[in-house]
Amino acid sequence: MCQSVPVDIPVLGTYTMTLKAGGLGTAVKAKDLFINMTDLPAKSGTFNNVDVGVATGSITKGKVNPKDHVDPDGYAQQADSIEIIDAHQRVWATSAGTCELAGLHMNIAAGRHDCF
């Protein structure tokens, strides 16, 4: 897993916060995961007991973080569990009840250092 967030800081320029975890056969795991996304290409995905086309305000599996500003009439998908392999998601917010990040490494560096 690799997440990167470039931020333009006045006077200093662009800095990127990067979080890396997993790899070498070690999975990254999350529970009660909620993703506000626009794109998610992946090598493969397995969804167990999936509901597609649920109104965001009608989600019954997991919790929507009240701090996430979502349209209650927006489009959502929910599942009891999912496994996604090699995802390259474009998101504006992610929240989870629990994240298990084996091999975690976070850093902040000058410049733009996107994961992909």
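The values are calculated or read from the model by the stated rules, or taken from the named source; none is laboratory data. These numbers come from a predicted model, not from an experiment. Cβ: placed from backbone, ideal geometry, glycine included. Neighbour counts: every protein chain shown. Accessible surface is based on the protein model in full, side chains and every heavy atom, while ligands, DNA and RNA are left aside. Shrake-Rupley method; radii C 1.70, N 1.55, O 1.52, S 1.80 Å.
Ile108 meets all of the listed conditions (1) at negative phi; (2) in a loop (DSSP other than H, G, I, E, B); (3) surrounded by 11 or more Cβ atoms within 10 Å (Cβ to Cβ) but one, namely (2).
Taken over segment 13-45, residues that are open to solvent by 70 Å² or more (accessible area, probe 1.4 Å) and free of Cβ contacts under 8 Å to residues at least 60 places away in the same chain amount to 5. For the residues Asp68, Asp86, the requirement of being open to solvent by less than 60 Å² (accessible area, probe 1.4 Å), charged (D, E, K, R) and modelled with pLDDT under 90 singles out Asp68.
Cβ-Cβ contacts under 7 Å between residues 6 or more apart (or on different chains), taken from a first residue in segment 103-114 that is of a type outside the set (A, V, I, L, M, F, W, C) to a second residue that is open to solvent by 90 Å² or more (accessible area, probe 1.4 Å), are listed as His105/Lys20.
In this structure, Gly57 does not satisfy being assigned to a loop (DSSP other than H, G, I, E, B), free of Cβ contacts under 8 Å to residues at least 40 places away in the same chain and over 23 Å from Leu24 (Cα atoms).
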